[in-house]
Amino acid sequence: MITFVQQYLTTVIAALMIMSVAYLIFWKVFGNKLSNRKIQLSTRAGWSQIKGEIGTTALSFVGSTLFMLVILSFKDQGIAKFYVETGKYGVPYEIMTVILMVLISDTWFYWSHRIMHHPKIYKYVHALHHKSLDVNPYTSTSFHVIEAIWLTVWILPLSMVMPISMTALGIVQVLGTFNNLKSHLGYELFPGFFNKVPFNMLVTATNHSLHHTQYNGNYGLFFRFWDILCGTELNDTSHLFQDIHERKDAVMIDNTKYKNLTISNLVKETDDTISLYFKPSDQFFYAYEAGQHLTVRVKVKGRTHNRCFSLSSTPGNDFLRITVKLKGEVSHWFYNEAKIGDTIESLYPVGDFKANKSENYVMIAGGSGITPLYSMIKDILNKNPKANIKLLYANKSENSIIFKNEIDALTKLYPNFECQHFLSGQKRISIEDLDVNSGANYYVCGPDSLKESVFDNLHIAGVNKNNIHTEHFVDGYVPWFGLV
Ligand SMILES: Cc1cc2nc3c(=O)[nH]c(=O)nc-3n(C[C@H](O)[C@H](O)[C@H](O)COP(=O)(O)OP(=O)(O)OC[C@H]3O[C@@H](n4cnc5c(N)ncnc54)[C@H](O)[C@@H]3O)c2cc1C
């Protein structure tokens, strides 16, 4: 018992000290100087998030300490072949052991991580780590206790088949700790050439930060090999890395507290869709990019709900607009009960779904998936009236087409913007409609079935997956700070 307490306190205090030093240096002392390198500019992990992460860390170390004691007892019994005399089998053997352990832990992590993201398992274990949207040093050890044990369990069978020096084990632990810290730093410290071969084989802080906001890709630990091999690398990774290196005078916004937004207008767009307008005086609300979304907090029948809604207004408008389709609790309240003058709460706009610079765009929308795409189309045409944009817009019927008149008006104003409508029971979006040889950037937002069929077609046509971008309207999605 005393050994456990000693071991636990030593490791947990050491970890908290390392994370606190990193936090003080990068988030506090040099935080503003490094603002161009802050990966998520409009989200800022606050005390409530960090408090939660420290608590989770304290619990997860109970598991990893117990596991460490099991390993040591296996060593004492001679089952695990750990030895203390460094260099007993020669220096090359020590180096080889370290390399092998790094590769095994990388592979183990990738596959375990992918499995933990399976929808049937995710919420029980790994969701705890993903409560941290804006990652920071304290996120690096904030795991479910089961995950903390599972991710290191590979050491045991390995140590039964080959001798491992305690030094080699220590080196791998130190490498793992610092790699984890780097991936969760929230700041991209790697220089620009880490976007090029061979350096781009390493997992960067940008790579892992995107994993925390987009969930379904970038599962790697040290290296990107497995993500590349299995096609699970998120498309926006290298764009975002480059954007960060091109930034000048980036402004960081504290986005940990909800602010009031008063409804200034309500417009019913279709039988089941409504647009809400806001005219906040807080200028940070207007500092968004087309494609980003608001995270709103609404009280319905005494219960508080958090929901995300893409902005359907365009940067430069003197109002914010979200467009909501009837679904469940919150959308019902917006559609049937909200009145002009009512106040809801919201965080500043965030999100990685943004248009890249390009001359050719193909936008594919299904139903309410038009909201971020409509904002992007207007923004692109405002900035570059010569851009070629094709919108493929799928809906149930003529009456359910959101922004029909506005889209028609845009096609008249910009000859290089065209819109093709696809109504249920009539023509479906086919590979021919996607202009797969145009070198276009593709932006897709809509129901899963539509996204899957578009992705399949683009994949078959060999379109570079870096040119395909998508937004997920996950129902009931709630960031960490929304819970407290
Ligand atoms: C980045 C992002 C952007 C988004 N942008 C938009 C947008 O622009 N426009 C838009 O309309 N939506 C958007 N969404 C989706 C939006 O956030 C909400 O998820 C959506 O409006 C549904 O919320 P709700 O409260 O109305 O429904 P909920 O009450 O959360 O219900 C969602 C679904 O679950 C079902 N459901 C609820 N409770 C139960 C239960 N107990 N058992 C079984 N089924 C149940 C409902 O029938 C419904 O189909 C976006 C989401 C994200 C993540």
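Read-outs throughout are calculated quantities, based only on the coordinates presented, and are distinct from any laboratory measurement. Just so it is clear, the model here is predicted, and its values are computed rather than measured. When we count neighbours, we look across all protein chains shown, and the Cβ atoms used for this are built from the backbone with ideal geometry, even at glycine.
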ask   = Once you sort the root eigenvalues of the Cα gyration tensor of the chain as a ≥ b ≥ c, which label holds: rounded (a/c under 1.5), prolate (a/b larger than b/c) or oblate (the other case)?
value = prolate
query = Size of the dipole of the range 360-470 about the Cα centre, Lys and Arg at +1 and Asp and Glu at -1 on the beta carbon, nothing else charged, in debye to 20?
reply = 200 debye
key: Overall Cα dimensions of the range 274-346, principal axis frame, Å, largest first   = 34, 22, 19
message = Students often check this: by mean Cβ neighbours within 10 Å, which of 205-217, 83-95 ranks highest, and how do the rest follow?
response = 205-217, 83-95
ask   = Treating the beta-carbon of each Lys and Arg as +1 and of each Asp and Glu as -1, no other charges, what is the dipole magnitude of the range 2-246 about its Cα centre, to the nearest 20 debye?
value = 320 debye
message = Just to confirm the number: angle between the C-alpha axis of helix 2-22 and the first principal axis of the chain, 0 to 90 degrees, nearest 10?
response = 50 degrees
task = Can you figure out the FRET efficiency of L9 with S73, using R₀ = 25 Å and their beta-carbon distance, to the nearest 0.05?
result = 0.80
task = Report, as a whole number in µm² per second, the diffusion coefficient that Stokes-Einstein gives for the range 117-224 at 4 °C and 1.567 mPa s using the Kirkwood radius over alpha carbon pairs.
result = 85 µm²/s
With Cα atoms, 0 to 90° folded angle of helix 91-116 axis to the chain main axis = 40 degrees
task = Give the shape of the range 360-470 as rounded, prolate or oblate, defined through the alpha-carbon gyration tensor: a ≥ b ≥ c are the square roots of its eigenvalues, a/c under 1.5 means rounded, and otherwise the shape is prolate if a/b is larger than b/c and oblate if not.
result = oblate
key: trypsin sites (Lys or Arg not before Pro) within the range 268-343: DSSP coil, no more than 12 neighbouring Cβ in 10 Å   = K301, K339
inquiry  = As I understand it, the value is the acute angle between the Cα axis of helix 404-413 and the longest principal axis of the Cα atoms of the chain; what does it come to in degrees, rounded to 10?
reply    = 80 degrees
Stokes-Einstein diffusion coefficient of the range 2-246, Kirkwood radius over Cα pairs, 20 °C, 1.002 mPa s, in µm²/s = 113 µm²/s
Restricting the range 220-266 to trypsin sites (Lys or Arg not before Pro) in coil, as DSSP defines it, with at most 10 other Cβ within 10 Å = K248
Quarter of the Cα convex hull surface for the range 54-135, i.e. its orientation-mean projected area (nm²) = 7.8 nm²
Loop chymotrypsin sites (Phe, Trp or Tyr not before Pro), the range 132-212 (other Cβ atoms within 10 Å of the site Cβ: 16 or fewer; DSSP) = W154
request  = Rank-order 9-21, 425-437 by packing density, defined as the average count of other C-beta atoms within 10 Å over each peptide's residues, highest first.
outcome  = 9-21, 425-437
request  = Give me the compactness ratio for the range 350-415, meaning the Cα radius of gyration over 2.2 N^0.38 Å.
outcome  = 1.10
message = Can you find, among P315, V362, T304, the residue sitting farthest towards the positive end of the charge dipole of the range 236-372, where Lys and Arg contribute +1 and Asp and Glu -1 at Cβ?
response = T304
Peptides 438-447, 393-402 ordered by average Cβ neighbours within 10 Å, highest first = 438-447, 393-402
Projected label distance in nm at A58 and K465, using a 7 Å step from Cα toward the beta-carbon = 4.1 nm
query = Say the dipole of the chain comes from +1 at the beta carbon of Lys and Arg and -1 at that of Asp and Glu; which of V174, L16, L413 then lies farthest toward its positive end?
reply = L16
